[in-house]
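Notes follow once the structure below has been shown.
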Amino acid sequence: MKSKFKSTFSVIDDSPREACGVIGIFMPNENVAKNLFFGLFALQHRGQESAGIAVSDGENIRIHSKMGLISQVFREEDLNGLTGYVGIGHTRYSTMGGSKITNAQPIIVNGARGKLAVGHNGNVINAELLRDQIIKEWEVNFERTSDTEVIAELYANTPGNNWFDVSSSVMRRLSGAYSLVIMNKKELVAVRDPLGIRPLCLGKLGNGWVVASETVALDNIGAEFVRELENGETVVINDEGIKSKNWSGRRSSHAMCIFEHVYFARPDSVINGKLTYQTRLKMGSELWKEFPVEADFVTGVPDSSTPHAIGLARESGIPYLETLIKNRYVGRTFIQPDQAIRNTDVKMKFNVLKSIVKDKKFIVVDDSIVRSTTIKRVVLLLKKAGAKEVHVRVAAPPIKSTCHFGVDMATLNELIAYNMSTDQIKNLIGADSLKYLSLDGLIKSVEGTNDSYCRGCFTGKYPIPVQLEMDKFSFEKK
């Protein structure tokens, strides 16, 4: 069955688009803005559309957010004006609601519980229904077009004696993925959804606490990693210390997005107790075990596929060689708007070491293939440089379904593996062979079990029921 929907947005790169990055800090008698900034800097890979920081000194919440990269959004004087001991930060890639300043996070709402600032990583699949209900229940006037505002209004207005009561009530209503950092004037609250789809960790910094999407944010500010939040857990940090509680209705084991291991998380992050770099080495190793082929060298599509390629090279005994040099100053290519520039930008992004490629057989390892834009160009560049054979190995199974939980995985019409067989894709990209890591091989690499990760993008089966395809601009259209 082919999707009737057409893409309403355009990307250039061939990888799934990131989720967002969140961070929260509570440090009595300290200004947290600069630590939030440097923590966000370590999470820039998770979103490049907008960024923001909100802080409170116990009396007033101040916020600064703009479109652009973190280095473009914040200047020294911006951070100096954000004084306070509790704060949250966010870097965004839009998965529901357009890429515009009104949807930049953190967002601030006023409700029965007073003023709250909220940052969100994930996607709530019943946001439209909840939005209509909230308008009727509390006469809320929504100002934005993202699901984050729906979450924020729920936390701002849901009755409860404490944050844990409120969070339990909100979790009963929300469906989907949400790792949250929430603050009022004097408290920091962190929440991970009952499925545990998106990551969230806890760290200690001096006499205070940090929560963040990845451990690299803790490393960047000198915080000590304590643990990852459990699925369905709410953590409250204030002058009385730190308290946490798990929602009784949570899933017995997490269903974290397996793509955090494959691509999203930085290789130096610890996800689900495992260093991501080592996990990616194992994916490459399993890939070779499943699909060996004669070659002179192994190479990877830089930079995200390098660990997978090294893992395959180690297992195979075939030397690893850099053949593609990436121009790291071109920028992330997905921000360009049309197909003609897509193809040009891939040429701008990579250059081939021609003298070492000529007359050699290569295994090219990629972490994933979404549309085939990048890998097709890479194969062509290597062949034009004189490569004798190019065998493509992919460190993830074919992506045959869209994501509903905070990853912009394209529409069904754009997913090459939804529309074509492996042999057809091989012919399209011009490879001599094409093989994908099996789902069993991927699960083995992450040391998972049959129900411990969400892998709906490979199987079409999700940890909770979802509709065939979602429209990220549904609120704009309303």
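Just so you know, all these numbers are worked out from the coordinates, no wet-lab data involved. Computed from a predicted model, the values in this text were never measured in an experiment. Here the Cβ positions follow ideal geometry from the backbone for every residue, glycine too, while neighbour counts run over all protein chains shown.
Some observations on this one:
- C-alpha long axis of helix 373-384 to longest principal axis of the chain, angle in °: 30 degrees
- For the chain, the relative contact order comes to 16 percent (Cα pairs under 8 Å, sequence separation of at least 6).
- Listed cross-link partners Lys245/Lys282; Lys383/Lys461; Lys100/Lys435; Lys100/Lys185; Lys66/Lys326 are compared with a 32 Å cut-off, the Cα-Cα value being larger for Lys245/Lys282; Lys383/Lys461; Lys100/Lys435.
- Percentage relative contact order, the range 274-450, counting C-alpha pairs under 8 Å, at least six apart: 23 percent
- All Cα-Cα separations within the chain were binned at 10 Å from zero, giving a P(r) of 4, 21, 30, 25, 14, 5, 1, 0, each value a whole percent of the pairs.
- Among Gly386, Met283, Ala212 - extreme Cα towards positive end, dipole of the chain, charges at beta-carbon: Gly386
- Put in order of Cβ neighbour count within 10 Å, fewest first, the listed residues Ile416, Ile356, Ile464 become Ile356, Ile464, Ile416.
- The orientation-averaged projection of the convex hull spanning the C-alpha atoms of the range 21-255 amounts to 11.2 square nanometres.
- Table column - 3J(HN,Hα) (Hz), the range 127-133, Karplus curve with 6.51, -1.76, 1.60, x for Gly and Pro: 5, 5, 4, 5, 4, 5, 5
- Each residue in Thr411, Thr234, Thr459 was given a count of other beta-carbon atoms within 10 angstrom of its own, and listing them fewest first yields Thr459, Thr411, Thr234.
- A straight Cα-to-Cα reach below 20 Å connects Lys115 with the aspartates and glutamates Asp57, Glu59, Glu137, Glu139, Glu143, Asp147, Glu149, Glu153, Asp165, Glu187, Asp239, residues fewer than 8 places away in its own chain not being considered.
- Of Glu447, Glu294, the sequence from fewest to most neighbouring Cβ atoms within 10 angstrom is Glu294, Glu447.
- Each peptide in 138-151, 192-205, 303-316 was scored by the mean count of other Cβ atoms within 10 Å over its residues; highest first, the order is 192-205, 303-316, 138-151.
- With θ taken as phi - 60° and the Karplus curve 6.51 cos²θ - 1.76 cosθ + 1.60 applied, the whole-hertz 3J(HN,Hα) list for the range 56-62 is 9, 9, x, 10, 9, 9, 10 Hz, x standing for glycine and proline.
- Over the range 21-255, Cα pairs under 8 Å with separation of 6+ residues give a relative contact order of 21 percent.
- Residue-averaged 222 nm ellipticity for the chain, from DSSP H runs of 4+ at -39500 (n - 2.57), nearest 500: -8000 deg cm²/dmol
- Phi angles across the range 248-263 convert, under the Karplus curve 6.51 cos²θ - 1.76 cosθ + 1.60 with θ = phi - 60°, into 3J(HN,Hα) values of 5, x, 6, 5, 5, 10, 5, 10, 4, 4, 6, 6, 4, 6, 6, 8 Hz, Gly and Pro given as x.
- Dipole of the chain, positive direction: furthest Cα of Leu434, Ile61, Ile23, with charges on the beta-carbon: Leu434
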